[in-house]
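Step one of this worksheet: look at the structure below.
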Amino acid sequence: MFSSSALARPVASSRNVKPGLAARTFAALAVLRSRRQLAALDQHQLDDLGISAKAAQAEANRPIWDVPAHWVK
């Protein structure tokens, strides 16, 4: 049987480690997918979210690399 200390591994601080190419690719694809889904919502669904059609369209038209600043820290 293993003790919990034997299984513990040091964890790198997320502030010092940049995501690899695969992680960035998956994140970019997730952004693309969610923006496409946002563009497909009808007015009733946008009203439920409290988002105007104009704001939803503006978000959906943003380029894939244009993400909130806190995502790239």
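What to note about this one:
- Looking across the stretch 32-73 at every residue that is outside any helix (DSSP H, G or I) and in contact with a Lys or Arg (Cβ under 9 Å, 6 or more places away or on another chain), the one that is most open to solvent (accessible area, probe 1.4 Å) is identified as Lys73.
- Pairing each residue of the stretch 48-73 that is within 30 Å of Val17 (Cβ to Cβ) with any residue that is open to solvent by 100 Å² or more (accessible area, probe 1.4 Å) and modelled with pLDDT of 90 or more, provided the two are 6+ apart or on different chains, yields no C-beta distance under 8 Å.
- Ala22 vs. criteria at pLDDT 75 or above, small (Gly, Ala, Ser) and open to solvent by less than 100 Å² (accessible area, probe 1.4 Å): yes
The values are calculated or read from the model by the stated rules, or taken from the named source; none is laboratory data. Note that the structure is predicted; figures quoted are calculated from it, not measured. Note: ideal-geometry Cβ built from the backbone for every residue, glycine included; neighbour counts use all protein chains shown. Just the protein is used for accessible areas: all its heavy atoms, side chains included, with ligands, DNA and RNA removed. Shrake-Rupley method; radii C 1.70, N 1.55, O 1.52, S 1.80 Å.
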